[in-house]
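First up is the structure itself, then whatever we jot down about it.
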């Protein structure tokens, strides 16, 4: 296969290539596309599965928002009511129990089945080996296992909707004791989490070993693309933070299935009847173990996104990233700090001033590396020759959106304002700003950016811009009013969106506004979905290094990359990751594997 | 992998036997002490000290940690830090409740 | 397509891939059992009363199990040493011994659990029993995992000795590291649950 061209087989099936290794014979369909050990295939599998789950999780929320906008009114789409089960929405009116299921599963699915598998499983798997000049991940069979265990976890979660009593309904946080006495769906949630955590652990081992052991010659740590650093730190977070939740999951399963009382306090009375368990457990123990994972988890959500934004900004400003070294130190420090801030989610659990002060302090400290990274990314724009293509628009929007998300986190990280804001819509606004116009926008940037590498074609830029502008407007329409509602004291997880509370009356009107924005946001994804599939087959064909980038996945591979071994010749690295516009060079970019300047 | 000649391995094997004997002795010690029914603080301290010594022997000699590479040490040090956090912080929350 | 550094060590790190991989995995296992130990501490400190382990559990049996497991750690490291001395027969003997001792551990455990159940001592009876069964149960599952891996390496997996002896020796070393860790966990579990 020659560089840049697509081989066209007239008459023959496109998936049969003449063998290019002597002892290699073509594996069948199942080994090539379903049970492949090739990191690129696995990356695509993760990508498709994750995008489907994102769509599903988003749909759950769009349904919830009907109930919030028009509490107690019948859902207008009868076929959807039938699909969701008449028992869940008798006469088309959503039951509170079903609303709770939608809420718990929306969060779970978006975080664990959508964003992380896309950010780490898809982008990480596909891009990291290419960016470090490796033939594959260090443990290809383990990689395959990781994907299918994730798939199993996803199926477990999805199937739970069809159980009697429906899916888990105790929030994505599954707080005890409510979760312990909840319906069977919660057991499936716990089992699903065990699968997902296992998948994640296996994956994180793979990423760390790959990045440390399989870097090409000359690729020192300080020459790594920022995206690889982000994935490296993320993998450590997943490796060390997930196991306590696995332990907690096992304990909650024991409570639910074996009658133990790890999380059940003594004297618990349910519906007027004392629960006949030993008691002596601690609901707080669940919270500690859950948040020990869930706080680093939010950095798992943001770090790969920062990595992608770094790549796209460097490439589209035609300049090196400003402050690469501080950014690397910051991201490592951020990863470390993320392990010791978790109880800022628990300020209202009756903690004393000493322990509260500890967690407030660590939380304030952790905002510093985030600010360093965001500032460095902003400063990287200064003096750049900015190309306003679709990936760049999403990357640029990430900056202020993540800024809003991060800044609104500060009052939550200090105990006194948190007393007022905890468990209100302010929190929902805060974290959605970081994950939705934050991470998700960065992931969109990544999709538009790396699409040519995966398919050899580019997505339509005009449609991309429509997708961007509409999404940007409507996503702000969904989440900005949440701060207003939260400051007014409207609690989260309310089935009627606050309708029965006096203090919520003045801000209730925002519910309809946010719901309409959400539905329009859903419609705004249609150009993206159409563009994505259409471009795969009919997008404009492009060269191997369409964006004129410096990093190895563009500079040293074909497009799409070779099936085995990724590189026609094993690359040697001679320079840093962002040598754009180097004075004295004839070209405005110098790929990492380029020896002398052009 | 570190180059191990046959002589080095035989020396290591002798080491393994010695460690095994030490571990057996320490096991007897820790069980014997438990029969003394010391108060909780003393019992916990002794038990954990003995267990740590045993664990260090297993880790250093059976797991070859004593001659392992920097990268492994670094990973373990990092893990140890978070382990300490996980052990102390939740219980310290319990021990420092809100004052009325 | 060959993944580099499967058999030979990468020069700057001095490690082959699987060795780094297993230590990372063990780091995650430290956090897993650490969370359970942390839960033990929190539950015990918060409890109005907490039984001494030796009043409920069978210390002699658990001591026997401790000896068995430590013994299996010795046979495991000896099996690796045998491969380093290029002696496949000795390797099979020691690895077989490791597997048998592991089964012995599980049999003693099954006997222990059975006796508890006979006396109506189930996990739901108290938080002490809950944490006892959960921690030893999870540890037992890890023993089962080790048996599966070791049996594979003793049996069908040992064919790799003929084609790639260095890589096979590495696999045994890596499996050994996992097995020693299982022993390590028990070294802490035993005094904490049974003797305090």
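Here is a list: A:123, A:162, A:75. Which entry is out of contact with any strand residue (DSSP E or B) (no Cβ under 7 Å at 6 or more places or on another chain) and surrounded by 24 or more Cβ atoms within 10 Å (Cβ to Cβ)? Testing whether each residue is out of contact with any strand residue (DSSP E or B) (no Cβ under 7 Å at 6 or more places or on another chain) and surrounded by 24 or more Cβ atoms within 10 Å (Cβ to Cβ) leaves just A:123. For segment A:186-231, the set of residues classified as at the interface with another protein chain (Cβ under 10 Å from one of its Cβ atoms), within 20 Å of the chain's Cα centre (by Cα) and either more than 19 Å from residue C:17 (Cα to Cα) or not in a helix (DSSP H, G or I) (or both) consists of A:197 only.
Scan segment A:246-271 for residues that are facing chain C (nearest Cβ under 7 Å) and either surrounded by fewer than 19 Cβ atoms within 10 Å (Cβ to Cβ) or outside any helix (DSSP H, G or I) (or both) and the total you get is 5.
Quick one: would you say residue A:570 is touching a residue at least 60 places away in the same chain (Cβ under 8 Å) and either in contact with a strand residue (DSSP E or B) (Cβ under 8 Å, 6 or more places away or on another chain) or surrounded by fewer than 20 Cβ atoms within 10 Å (Cβ to Cβ) (or both)? Yes; evaluated as a whole, the condition is true for this residue. Exactly one residue out of A:314, A:305 is in contact with a strand residue (DSSP E or B) (Cβ under 9 Å, 6 or more places away or on another chain), part of a helix (DSSP H, G or I) and in contact (Cβ under 8 Å) with a residue 12 or more places away in the chain: that is A:314. Would you mention how many residues in segment C:64-85 are surrounded by fewer than 18 Cβ atoms within 10 Å (Cβ to Cβ) and in contact (Cβ under 8 Å) with a residue 60 or more places away in the chain? Number satisfying all stated conditions: 0.
Just one of the listed residues (B:50, B:19) is modelled with pLDDT of 90 or more, under 25 Å from residue C:20 (Cβ atoms) and crowded, with 17+ Cβ neighbours inside 10 Å, namely B:19. The set of residues in segment C:151-174 that are touching a residue at least 60 places away in the same chain (Cβ under 8 Å) and in contact with a helix residue (DSSP H, G or I) (Cβ under 8 Å, 6 or more places away or on another chain) comprises C:154, C:158, C:161, C:165, C:167, C:168, C:169, C:170, C:171, C:172, C:173, C:174.
Please work out if residue C:154 is out of contact with any strand residue (DSSP E or B) (no Cβ under 9 Å at 6 or more places or on another chain), more than 30 Å from residue B:29 (Cβ to Cβ) and crowded, with 18+ Cβ neighbours inside 10 Å. Spelling it out, residue C:154 is indeed out of contact with any strand residue (DSSP E or B) (no Cβ under 9 Å at 6 or more places or on another chain), more than 30 Å from residue B:29 (Cβ to Cβ) and crowded, with 18+ Cβ neighbours inside 10 Å. Taking the conditions (1) surrounded by 22 or more Cβ atoms within 10 Å (Cβ to Cβ); (2) touching a residue at least 24 places away in the same chain (Cβ under 8 Å); (3) under 30 Å from residue A:283 (Cα atoms) in turn, residue C:19 satisfies each one other than (3).
Residue-level analysis places residue A:495 among those that are in contact with a helix residue (DSSP H, G or I) (Cβ under 9 Å, 6 or more places away or on another chain), buried (at least 20 other Cβ atoms within 10 Å of the Cβ) and at pLDDT below 95.
Only one of the numbered conditions (1) at the interface with chain C (Cβ under 10 Å from one of its Cβ atoms); (2) over 30 Å from residue A:308 (Cβ atoms); (3) at pLDDT 95 or above is violated by residue A:240, and that is (2). When C:14, C:34, C:21 are screened for being within 25 Å of residue A:132 (Cα to Cα), assigned to a helix (DSSP H, G or I) and within 14 Å of chain A (Cβ to nearest Cβ), only C:21 passes.
If residue C:57 satisfies all but one of (1) crowded, with 17+ Cβ neighbours inside 10 Å; (2) away from chain A (no Cβ under 14 Å); (3) within 16 Å of the chain's Cα centre (by Cα), what's the number of the condition it fails? Here residue C:57 meets the rest and fails (3). Contact map, segment B:74-85: first residue more than 7 Å from chain C (Cβ to nearest Cβ), second residue surrounded by 17 or more Cβ atoms within 10 Å (Cβ to Cβ), Cβ cut-off under 6 Å, separation 6 or more or different chains; pairs are B:85/A:340. Quick one: in segment C:37-54, of everything that is in a helix (DSSP H, G or I) and facing chain A (nearest Cβ under 7 Å), which residue is surrounded by the most Cβ atoms within 10 Å (Cβ to Cβ)? Top of the filtered list is C:39. With respect to residue A:346, determine if the residue is over 21 Å from the mean Cα position of the chain (by Cα) and touching a residue at least 40 places away in the same chain (Cβ under 8 Å). Against the criterion (over 21 Å from the mean Cα position of the chain (by Cα) and touching a residue at least 40 places away in the same chain (Cβ under 8 Å)), residue A:346 qualifies.
Screening residue B:96 against (1) surrounded by fewer than 19 Cβ atoms within 10 Å (Cβ to Cβ); (2) touching a helix residue (DSSP H, G or I) at 6+ places or on another chain (Cβ under 6 Å); (3) at pLDDT 90 or above leaves a single unmet condition, (3).
Taken together, the residues in segment A:159-174 that are assigned to a loop (DSSP other than H, G, I, E, B), farther than 23 Å from residue A:428 by Cβ and either touching a helix residue (DSSP H, G or I) at 6+ places or on another chain (Cβ under 7 Å) or at pLDDT 95 or above (or both) amount to 2.
Within segment C:107-135, the residues that satisfy the criterion of being within 21 Å of the chain's Cα centre (by Cα), surrounded by 21 or more Cβ atoms within 10 Å (Cβ to Cβ) and in contact (Cβ under 8 Å) with a residue 40 or more places away in the chain are C:131, C:132, C:134, C:135.
The values are calculated or read from the model by the stated rules, or taken from the named source; none is laboratory data. Note that the structure is predicted; figures quoted are calculated from it, not measured. Counting neighbours? That spans all protein chains shown, and the Cβs are built from the backbone with ideal geometry, glycine included.
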